Amino acid sequence: MPANQDNSAIRLFGLLTDTSSNKVFFSTVLGALGGIAYAIFVPLIMMALQPSLGRLMQPEFDTSYWLFGVFEISSPNQALFFFMTCMLILFCRGTSGTLMFHVAIDATVGLRKKIYSRISKLPIQTLEEIGPSRLLTALNNDVSEVANGASSIPNILVAATTLVGMLAFLVYLRLEIFLFVLGVMAFGFLTYQIPVRIGGRHLAAGRNSFDGIQEGIRGLIYGAKELKLNKEKQQAFLKNELHEVEKKFSDSFKTGRMFMIFAMTYSNLISFFTIGAVTYVIANYYTLTRDDLLGSVMVLLYILGPITVFVNTIPNIAIARVAARKLNSLLKDMTIEYLDSKIVDNIECHQKIVLKNVEYTYQAKKNEELGFHLGPINLTLNRGEVAFFVGGNGSGKTTLGKILSLHYIPEKGDIYFDAAAVTDGNRNICRQSISAIYSDFYLFTELFGLSDNELDSKASEGLKQLGLEGKVTIENGKFSTTSLSDGQKKRLALLVAYLEDRSIYIFDEWAADQDPEFKEIFYHRILPDLKRLNKLVIVITHDDRYFHLADKLVRMENGQEFREGAFSTDKHAHSPEKSEMSPSGEEEESVV
Ligand SMILES: Nc1ncnc2c1ncn2[C@@H]1O[C@H](COP(=O)(O)OP(=O)(O)OP(=O)(O)O)[C@@H](O)[C@H]1O
């Protein structure tokens with residue numbers, strides 16, 4: 001999808017025409033044709049009832065047709081025309097509705113795909129700032145509201161066609177009545193806007209509280225264990241975070257809908273008022289004949305149909321406009337990462353990764369006094385080296401890790417892969433050299449992006465060596481389960497990272513929830529194995545028992561690199577055992 005289309009605002013009707021302009025065109029034309037045919041009904045019936053009105057079509061006197069010799073059909077030509085009109089309406093409206101339904105579904109899917117694509121192009125820090133609640137509400141709620149509202153726009157066009165047809169018939173009957181009706185309709189339309197606008201404002205307020213509800217639901221699900229153990233906490237949470245927001249939502253929506261219903265009733269009332277005024281006042285004023293009066297009242301009654309469609313559709317469009325505004329504001333916040341797809345140089349980190357004067361800041365949030373500033377950091381990390389990032393909680397280790405894994409883009413300074421600076425043009429390619437397991441890692445149930453004939457056997461071997469044999473199996477690159485203990489999940493994540501065979505590995509407190517035996521295996525076997533495979537291994541850790549195993553110790557304190565030390569690991573390195581588990585096939589040694 002081109003970038004400009006990616007960034008374009010969502011406009012209701014544009015959403016449909018962008019999805020399939022042909023279908024929208026045919027749907028509207030067929031709908032309008034159906035509307036015209038619908039408008040022909042009244043004149044047809046009136047001609048049958050009051051032949052004196054038939055100034056355009058010759059009335060059929062004294063002709064009839066016997067159907068099956070049982071049913072007498074009067075005015076057979078007109079009856080046939082009536083029947084054909086019914087069939088035309090059936091065809092036009094059915095086809096038009098089906099086409100528009102298809103376009104609405106395609107538009108919904110297209111909009112969701114657009115948001116998927118935008119999410120995957122978001123810088124991680126923006127994704128973290130926006131948060132899952134806003135994104136989920138947009139995908140689950142706003143997208144369908146927008147498509148739903150947009151797809152009802154053609155209904156308005158169709159109703160308008162019928163309305164124009166009926167009004168034209170009114171002109172044919174009596175110009176004075178037409179002018180009166182037009183005047184009342186204009187007044188009605190203008191005054192109708194007042195409740196619609198007030199209602200729209202309340203609906204928008206209701207939609208705004210919906211983000212809060214999503215956030216509350218997340219707390220309810222993810223915090224279920226904490227809430228179960230504390231009744232007061234659970235009740236206070238339910239009251240403050242869900243019930244109150246739900247009340248705000250329902251109050252706003254009820255008020256919004258009430259104004260919309262009032263607007264609908266008001267529009268019907270205006271129509272009936274018009275019929276009453278024509279019958280009791282205008283008829284006398286213009287001394288209408290009985291035929292003209294009957295004809296006019298019939299048209300006015302019939303006009304109620306398209307007017308009802310019109311006013312019933314307006315709330316949907318009002319809701320859709322609110323949702324579109326929300327989506328547009330979200331898309332505006334979703335500044336996508338600039339990645340120059342033209343640059344295809346395969347940049348690899350052959351020797352080292354260098355940080356020069358790198359700085360990064362988390363901006364202070366609403367209720368915080370200060371944000372967090374990291375750097376300036378100057379650091380060189382080499383392939384075939386195990387570097388430990390150590391330091392107190394909140395000192396900036398993970399932040400530095402995310403800068404090195406190119407998830408966070410530094411605001412100042414440069415990162416080099418060997419001699420090549422990481423830029424917007426090559427950042428994505430550079431990322432392909434890195435595998436990272438952070439504390440909030442996500443375990444996919446399938447080995448996406450890996451296609452090796454021996455993938456299953458390599459993975460099975462890895463599962464065995466990681467103590468997951470009997471717990472998890474793999475078939476066609478799919479794990480049988482990921483319902484495991486936290487430590488086991490991390491082992492599985494390690495296996496995935498290993499199979500990806502990258503040059504740089506970052507483990508953020510990977511060993512924290514491993515048992516002592518596996519901690520030993522991690523520090524004494526896995527890390528040396530990766531080192532032997534000439535990987536650069538960055539380990540964020542608090543395990544001071546193992547600090548001596550690092551080739552390089554990077555101590556962080558309050559966002560600053562405190563000290564850079566070097567240790568020899570030779571005397572500590574564990575003698576590796578032979579294994580077939582090697583992702584590249586170049587090395588014989590296994591990491592586990
Ligand atoms: N997504 C974020 N938005 C804003 N501030 C953040 C964010 N993540 C971390 N911080 C702030 O940055 C600081 C450094 O966090 P970081 O996670 O890098 O520390 P750490 O050294 O890895 O800590 P720990 O050992 O507890 O994992 C913290 O004080 C925290 O308040």
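A short reminder: the numbers here are calculations on the coordinates, not readings from a lab. Keep in mind that this is a model prediction, so the values were computed, not measured. Please note: Cβ atoms are built from the backbone with ideal geometry, for glycine as well, and neighbour counts cover all protein chains shown.
Observations, loosely collected:
- Given 14 as the ceiling on other Cβ atoms within 10 Å, longest exposed-site-free region of the chain for trypsin sites (Lys or Arg not before Pro) in DSSP loops: 56-341
- Overall form of region 353-566 per C-alpha gyration tensor (a/c, 1.5; a/b vs b/c): prolate
- Relative contact order of region 353-566, pairs being alpha-carbon contacts under 8 Å that are 6 or more residues apart, as %: 32 percent
- The string of couplings for region 212-220 from the Karplus curve (6.51, -1.76, 1.60, θ = phi - 60°) is x, 4, 4, 4, x, 4, 4, x, 5 Hz, one whole number per residue in order, with x for Gly and Pro.
- Relative contact order of region 3-333, defined on C-alpha pairs under 8 angstrom at six or more residues apart (%): 28 percent
- Remark on Q560: its backbone amide H falls under 5 Å from those of G375, a criterion applied only to residues 5 or more positions apart or on other chains, H modelled at 1.01 Å from N.
- Label point distance in nm, N328-K239, each placed 7 Å from Cα along Cα→Cβ: 4.1 nm
- Derived scalar couplings between HN and Hα for region 95-112 equal 5, 4, x, 5, 4, 5, 4, 4, 5, 4, 5, 4, 5, 4, 5, x, 5, 5 Hz in order, rounded to whole Hz, by the Karplus curve 6.51 cos²θ - 1.76 cosθ + 1.60 (θ = phi - 60°), x for Gly and Pro.
- Length released on extending from V171 to S21, taking residue separation times 0.36 nm less the Cα-Cα span: 50.6 nm
- Neighbours of N230, meaning other residues whose beta-carbon lies under 15 angstrom from its beta-carbon, give a summed charge of +2 when Lys and Arg score +1 and Asp and Glu score -1.
- For region 3-333, the tally of Lys pairs with Cα-Cα distances below 19 Å comes to 13, considering only residues 8 or more apart or on different chains.
- Relative contact order for the chain: 14 percent, from Cα pairs under 8 Å spaced at least 6 residues apart, divided by residue count.
- Taking a ≥ b ≥ c as the square roots of the eigenvalues of the Cα gyration tensor, region 3-333 is prolate, since a/c reaches 1.5 or more and a/b is larger than b/c.
- Simple spin-label estimate for W66 and S439 in nanometres, 7 Å along Cα-Cβ: 9.4 nm
- Taking a sphere under 12 Å around the Cβ of T108 and counting the other residues whose Cβ falls inside, with K and R at +1 and D and E at -1, yields a net charge of 0.
- Between the amide H of K352 and those of R383, D418, distances stay under 5 Å, these residues lying 5 or more places away or on another chain, with hydrogens modeled in the peptide plane.
- Charge tally in the Cβ shell below 13 Å around A320, where Lys, Arg are +1 and Asp, Glu are -1, A320 excluded: +3
- Computed from backbone phi, the HN-Hα couplings of region 145-161 come to 4, 5, 5, 4, x, 4, 6, 8, 4, x, 4, 5, 4, 5, 4, 5, 4 Hz, rounded to whole numbers (Karplus: 6.51 cos²θ - 1.76 cosθ + 1.60, θ = phi - 60°; Gly and Pro given as x).
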